[in-house]
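Colleague: One structure, as structure tokens, below. Some questions next.
The values are calculated or read from the model by the stated rules, or taken from the named source; none is laboratory data. Here the structure is a predicted model, which is why all the values come from computation and not from measurement. No Cβ is skipped: glycine too gets one built from the backbone with ideal geometry, and neighbour counts run over all protein chains shown.
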Amino acid sequence: GIQVEQSPPDLILQEGANSTLRCNFSDSVNNLQWFHQNPWGQLINLFYIPSGTKQNGRLSATTVATERYSLLYISSSQTTDSGVYFCAVEGGNKLVFGAGTILRVKS
Amino acid sequence: EPEVTQTPSHQVTQMGQEVILRCVPISNHLYFYWYRQILGQKVEFLVSFYNNEISEKSEIFDDQFSVERPDGSNFTLKIRSTKLEDSAMYFCASSVRRGGLSTDTQYFGPGTRLTVL
């Protein structure tokens, strides 16, 4: 089945810093989503981005489908950005999740 | 904005008991899913459901699990005889999926945290 790898596994930032999270996947996909899991365990949709670039406030994402990777950019990070960021790609009738990047933003 | 809702938010049960987790997908969505996340691990697919039948299931989704859409709004996951290793967060999701090869965003509910003692 499709494999999804995320890097880095852990990231510690000072408030105000920028960061880039990466997601590599092993096969062509029709759907790629980025999620933020907050401290209460909820999965918050950030982007649906099978290809191209999207921006939403301080967050933006780029997927290069032909090279099988996606990047999530966080600018001017805030403590509320802390949590786990998951990339998930569609394989068949399901999303296959990566292991996530744990982000800690320090004030 | 429409949301996927799940009840209960927390469920504690004894090993061997049956549990039913409930979900109300977004009203115009056609595809429904269950995923689970064991504490500290990645989110894993359990089952997808379309047109009142299972369209795909994982190896985790064995005979102890079943899903049902008992009416026009609810989507349930039943675990017949819970085991300690069933302790996890269970997420319901739904999507429109406009057919053919096209795909659409899966929207996730807030989850039910199941603890099996």
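Colleague: Exactly one condition in (1) in contact (Cβ under 8 Å) with a residue 40 or more places away in the chain; (2) under 13 Å from the mean Cα position of the chain (by Cα) is not met by residue A:45; state its number.
Modeller: (1)
Colleague: State whether the residues of region A:62-71 include one that is within 12 Å of chain B (Cβ to nearest Cβ), farther than 30 Å from residue B:7 by Cβ and free of Cβ contacts under 8 Å to residues at least 24 places away in the same chain. Don't jump to the end; show me each part of the working.
Modeller: Of all residues in region A:62-71, those within 12 Å of chain B (Cβ to nearest Cβ) come to none.
There is no residue in region A:62-71 that is within 12 Å of chain B (Cβ to nearest Cβ), farther than 30 Å from residue B:7 by Cβ and free of Cβ contacts under 8 Å to residues at least 24 places away in the same chain.
Colleague: Conditions first: (1) closer than 24 Å to residue A:97 by Cα; (2) more than 11 Å from chain A (Cβ to nearest Cβ); (3) surrounded by fewer than 16 Cβ atoms within 10 Å (Cβ to Cβ). Residue B:27 passes all but one, so which condition is the exception?
Modeller: Answer for residue B:27: the failing condition is (1).
Colleague: Condition first: under 28 Å from residue B:49 (Cα atoms) and touching a Lys or Arg at 6+ places or on another chain (Cβ under 8 Å). Can you find one or more residues in region A:72-86 that meet it?
Modeller: Looking through region A:72-86, at least one residue is under 28 Å from residue B:49 (Cα atoms) and touching a Lys or Arg at 6+ places or on another chain (Cβ under 8 Å).
Colleague: Next question. Is it the case that region B:57-74 has a residue that's without any contact (Cβ under 8 Å) to a residue 60 or more places away in the chain, surrounded by 12 or more Cβ atoms within 10 Å (Cβ to Cβ), within 11 Å of chain A (Cβ to nearest Cβ) and basic (Lys, Arg)?
Modeller: yes
Colleague: Give me the pairs: first residue in region B:37-55 and at the interface with chain A (Cβ under 8 Å from one of its Cβ atoms), second residue surrounded by fewer than 19 Cβ atoms within 10 Å (Cβ to Cβ) and at pLDDT 90 or above, beta-carbon distance under 6 Å, and six or more apart or on different chains, which are they?
Modeller: Final answer for the pair search is B:42/A:99; B:45/B:58; B:48/B:55; B:48/B:56.
Colleague: For region A:33-50, which positions are assigned to a strand (DSSP E or B) and either among the hydrophobic types (A, V, I, L, M, F, W, C) or more than 17 Å from residue A:104 (Cβ to Cβ) (or both)?
Modeller: A:33, A:34, A:35, A:43, A:44, A:45, A:46, A:47, A:48
Colleague: Residue under question is residue A:53, and the condition is that it be β-branched (Val, Ile, Thr), part of a strand (DSSP E or B), at pLDDT 95 or above and buried (at least 20 other Cβ atoms within 10 Å of the Cβ); does it hold?
Modeller: Here the answer is no, as residue A:53 does not meet what is asked.
Colleague: Pick out the one residue from A:65, A:99, A:61 that is at pLDDT 95 or above, within 17 Å of residue A:2 (Cα to Cα) and among the small types (Gly, Ala, Ser).
Modeller: Criteria check complete, one pass: A:99.
Colleague: Of the conditions (1) touching a Gly at 6+ places or on another chain (Cβ under 9 Å); (2) basic (Lys, Arg); (3) more than 14 Å from every other protein chain (Cβ to nearest Cβ), residue B:113 fails just one. Which one is it?
Modeller: All conditions are met except number (3).
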